[in-house]
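Shown next, in structure tokens, is the structure this report addresses.
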Amino acid sequence: MSRSRIDEGAYEFLRRVQILDDEYDAMRSSLAVRNNGHEILAEIREARERDAAEAAERERLEAEERERQEAAAREQREAIERSIAARRANDRAAPVDDYDPEADYYQRKSWLV
């Protein structure tokens, strides 16, 4: 074999190795871009799920606060109703025994005499 044929073979071998190396680099960078895209999509998905969970938690806390406020208002209304009922119940003097000569005076409908 002549020296020039060996040089041509070596050159052709190196040229093909360079082509394969370039293709490998292109595939690796393409895969990195795709993986990076998947990572970005995964991050977006996680952010959406996190936002949805936070929104659900806020809604739950707001619902609990509304329930607490409604319960407090209900308790206050009931206390007012009990107070009114107690005042109405104590409106008239009740006779101590069956016969009370002053009972008519204390139980009259109108105090305007």
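The values are calculated or read from the model by the stated rules, or taken from the named source; none is laboratory data. This is a predicted model, so every value here is computed, not measured. Note that we place each Cβ from the backbone using ideal geometry, even for glycine, and neighbour counts take in every protein chain shown. Remember, those area values only see protein heavy atoms, side chains included, never the ligands or the DNA or RNA. Shrake-Rupley method; radii C 1.70, N 1.55, O 1.52, S 1.80 Å.
Scan region 78-96 for residues that are modelled with pLDDT of 80 or more and aliphatic (A, V, I, L, M) and the total you get is 5. Taken over region 1-13, residues that are at pLDDT 85 or above and open to solvent by 100 Å² or more (accessible area, probe 1.4 Å) amount to 4. Somewhere in region 14-34, is a residue open to solvent by 70 Å² or more (accessible area, probe 1.4 Å), modelled with pLDDT under 85 and either touching a helix residue (DSSP H, G or I) at 6+ places or on another chain (Cβ under 7 Å) or not in a helix (DSSP H, G or I) (or both)? No. Identify the residue in region 56-93 that is closer than 30 Å to residue 105 by Cβ and among the polar types (S, T, N, Q) and, among all such residues, is most open to solvent (accessible area, probe 1.4 Å). My answer is 90. Exactly one condition in (1) modelled with pLDDT under 90; (2) open to solvent by less than 60 Å² (accessible area, probe 1.4 Å) is not met by residue 43; state its number. Only one criterion is unmet by residue 43, namely (2).
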